[in-house]
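**Q** Provided herewith is a single structure, encoded as structure tokens, for subsequent inquiry.
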Amino acid sequence: MSDEVLEGKIFATFEKYGEFLNIQQSCLNLDLYENPSEEDDKKEYFLFKRLSAILDEYQEQSYLLDPYLENMVEPVVECLRSHAKTSVSNNRRGSPDRVERLATLLYSYVKCRGYKTIIRFFPHEIADLSIALDFLLLPNGLIQDPTQWALRYVVLIWMSLICMIPFDLAQFDEADRKGHTAAAIETSAKAFLGKAGLEREGAALLLSRLYTRRDTFPHFQPFLASSEASLTARSTDAITAIGILQVICEVIKSGSTKQIQEVSSSLSGISATIDMNQTLSGNTAVRRYKVKLLSRVAIRLLPGKSSFGHRKGRNLTGETDEDRCSIQETDIEIPAEVEEVLEQLFNALQDKDTVVRWSAAKGVARISARLPLDFSDQVLETILGLFSIHSLAAASLYDLPAIAESTWHGACLACAELARRGLVAERRLSELIEWLSKALYFDLRKGAHSIGSNVRDAAAYVVWALARSQDPSTLLPFAVNLAQCLTAVALYDREIHIRRAASAAFQEHVGRNIHLLDSIDVSDIHGGLLALSEIATAYRESDDCPSQEAYLREVRRPIPSDAFID
């Protein structure tokens, strides 16, 4: 019963701050070099478990911890730093259980709030580089124990922060060992790229920070060469390939444009190598990172997205597409590599796995935001063409092959990401909404069950994005059609999340389109997301609501029969 009450509770502040701080301080007062008795060990275990339980309560509202994080995290980090310094200077191991719990507590902070927020409270002075690096390389240290994964992860992300200090790493080398510090960091991090745990995430972050430095960027080209050779070998497993791709994607994201353009050909070669390896290309995570790699390379080959006057969000100036085309219109030559990347992303939009399709959709939209308007319009035209791939030979929507689900879902996701960025031209709205009207009712029979719920969900996402990015006047000719379709889906679809998605899209249009003001009473039904969670309630409300009947009568067109999905 208490768990059910806690699950539905919404917090307004960090209510257990005092309790948390007292328990944490009692844990930090423990001697990390003294092994506890069996009874003390059990008590300490439950204390740390209580700390993790409190953080887990705020997982959905982790931002409430922000005002308190400095006082919470810094003592824990300082305790770990002192332990590392003592271990290096005195070559002492410490208590495995207590050190593991300390590192796990730091990991709990990272899990709750994210490493980008927590890492700000880690020390990053010049002296910390030798402390962290020597601690990581201790041959007989606790960090080498297989069970100390949390300790290795925390130290790796700590080193990724220290690596950003604005001093040449050669200053830390001895006179007769030039380049030793950078080589030691690189070697130690590479050793964890083949791990299946979080050590791989920390090692990838550390290597990316190392390679984006000006003084160590020359190390990146050899890393790419060795990575391509490793990916070519049949003995390379998917875990190692994922680690390599994580490093490369992070470097492309954080490195300078000049650096990435220098190695763009090598990056394309790695993508081609993955395609030739059937084992790696069959892994979902590898394909997702490959799509991410291609997208980021193409973005780095293009100028900034503000160059061509793209608008993001609703246009408040009344400009037309032609007006925006005239803004900073330049004759720019799109690199051939970008066109090749777009072609591969269009194929990835039809991938069998959702995460790959969504990554491709975001990549297409981000690239389109940097293209001239006429080029981005061609991208949208190609995406709309995906809807018709399997439709030409089908007599109706329900005669489509099962493989059409992936294609339609990828096309809807790409359209939604383009719409969010204001990249859907007014002249394309008619064709887009025509396909969306069909996608909202997409349902295919496959054996004893139906597929297509993800397509209907993505279609509602597109409609929601259009409401937020398009001028109300441009959507006015389609207002009635959209209201009819969304009402039908919000009330009669069998899936809870789709009824809620259609309801959210409907409310977004009602709030922004004057023509739909008469339907505000109908939106009261849509607004009850909890009520829509039960299909019987949705049916009953649709029968009992006179304002909806009046609204549907006003638009003089009945809800299409194919909206009632069995």
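The values are calculated or read from the model by the stated rules, or taken from the named source; none is laboratory data. Everything numeric in this text was worked out from a predicted model, so none of it was measured. Note: ideal-geometry Cβ built from the backbone for every residue, glycine included; neighbour counts use all protein chains shown. Quick note on the areas: whole protein, heavy atoms, side chains included, nothing else; ligands and nucleic acids left out. Shrake-Rupley method; radii C 1.70, N 1.55, O 1.52, S 1.80 Å.
**Q** Can you pull the one-decimal nm distance between simple spin-label points at ASN90 and ASN22, each 7 Å off the Cα toward Cβ?
**A** 3.1 nm
**Q** Okay, next question. Hey, rough spin-label estimate for GLU74 and LYS253, points 7 angstrom out along Cα→Cβ, what's it come to in nanometres?
**A** Output for this residue pair reads 2.8 nm.
**Q** To continue, here is another question. Could you order peptides 257-265, 433-441 by the average number of other Cβ atoms within 10 Å of their residues, highest first? Mind showing how you got there, number by number?
**A** Values: 257-265: 15.1, 433-441: 21.3.
The packing order, highest mean first, is 433-441, 257-265.
**Q** If you count, for each residue, the other Cβ atoms within 10 Å and average over each peptide, how do 214-223, 419-428 line up from highest to lowest? Could the numbers behind the result be given before it?
**A** Numbers: 214-223: 15.8, 419-428: 19.1.
The peptides rank, most packed first, as 419-428, 214-223.
**Q** Hey, can you find the accessible area per residue of the stretch 439-517 for me, probe 1.4 Å, expressed in square angstrom? Intermediate values should be presented prior to the final figure.
**A** Details: 2650 Å² over 79 residues.
Per-residue value: 34 Å².
**Q** Where Lys and Arg each count +1 and Asp and Glu each count -1, what net charge lies around ARG287 among other residues with Cβ under 11 Å from its Cβ?
**A** Values: positive: ARG288, LYS290, LYS292, LYS352, ARG357; negative: ASP275, ASP351, ASP353.
Within the 11 Å Cβ shell, the charges total +2.
**Q** Spin-label point model (7 Å from Cα, Cβ direction): what's the PHE11 to SER268 distance in nm?
**A** 5.0 nm
**Q** Viscosity 1.306 mPa s, temperature 10 °C: Stokes-Einstein D of the stretch 67-132 from its Kirkwood Cα radius, in µm² per second?
**A** Answer from the Stokes-Einstein relation: 125 µm²/s.
**Q** Quick one: if the Förster radius is 51 Å, what FRET efficiency do ASP40 and GLU495 give, using the C-beta to C-beta distance and rounding to 0.05?
**A** Values: r = 52 Å, r/R0 = 1.02.
Computed FRET efficiency for ASP40 and GLU495 comes out at 0.50.
**Q** With a ≥ b ≥ c the root eigenvalues of the C-alpha gyration tensor of the stretch 418-519, is it rounded (a/c under 1.5), prolate (a/b larger than b/c) or oblate? Could the numbers behind the result be given before it?
**A** Working: a/c = 2.17, a/b = 1.58, b/c = 1.37.
Taking the square roots of the gyration eigenvalues as a ≥ b ≥ c, the stretch 418-519 is prolate.
**Q** Using the heavy atoms of the protein chains alone and a 1.4 angstrom probe, what is the accessible area of the stretch 11-105 per residue in square angstrom?
**A** On the way: 4970 Å² over 95 residues.
Counting only protein heavy atoms, the per-residue value for the stretch 11-105 is 52 Å².
**Q** Could you list, in their original order, any pairs among LYS290/LYS362; LYS292/LYS352; LYS42/LYS111; LYS85/LYS178; LYS111/LYS190; LYS111/LYS290 whose Cα atoms are separated by more than 19 Å? Mind showing how you got there, number by number?
**A** Numbers: LYS290/LYS362 13 Å; LYS292/LYS352 16 Å; LYS42/LYS111 24 Å; LYS85/LYS178 24 Å; LYS111/LYS190 23 Å; LYS111/LYS290 26 Å.
Over 19 Å Cα-Cα: LYS42/LYS111; LYS85/LYS178; LYS111/LYS190; LYS111/LYS290.
**Q** How much accessible area per residue does the stretch 157-267 have, counting only protein heavy atoms and a probe of 1.4 Å, in square angstrom?
**A** On the way: 4810 Å² over 111 residues.
Result: 43 Å² of accessible area for each residue.
**Q** When you count, for each residue, the other Cβ atoms within 10 Å and take the mean per peptide, how do 364-374, 408-418 rank with the highest first? Each step should come with its number before you reach the end.
**A** On the way: 364-374: 21.7, 408-418: 28.2.
Descending packing order for the listed peptides: 408-418, 364-374.
**Q** Just going by the charge dipole of the stretch 147-256, with Lys and Arg at +1 and Asp and Glu at -1 on Cβ, which of SER256, ILE242, LEU224 is farthest out on the positive end?
**A** Comparing the listed Cα positions along the dipole, ILE242 ranks first.
**Q** Hey, quick one: spin label on GLN261, modelled 7 Å out along Cα-Cβ, who in the stretch 359-384 has an amide N within reach, i.e. under 19 Å?
**A** The answer is 367-372, whose backbone nitrogens lie closer than 19 Å to the label point.
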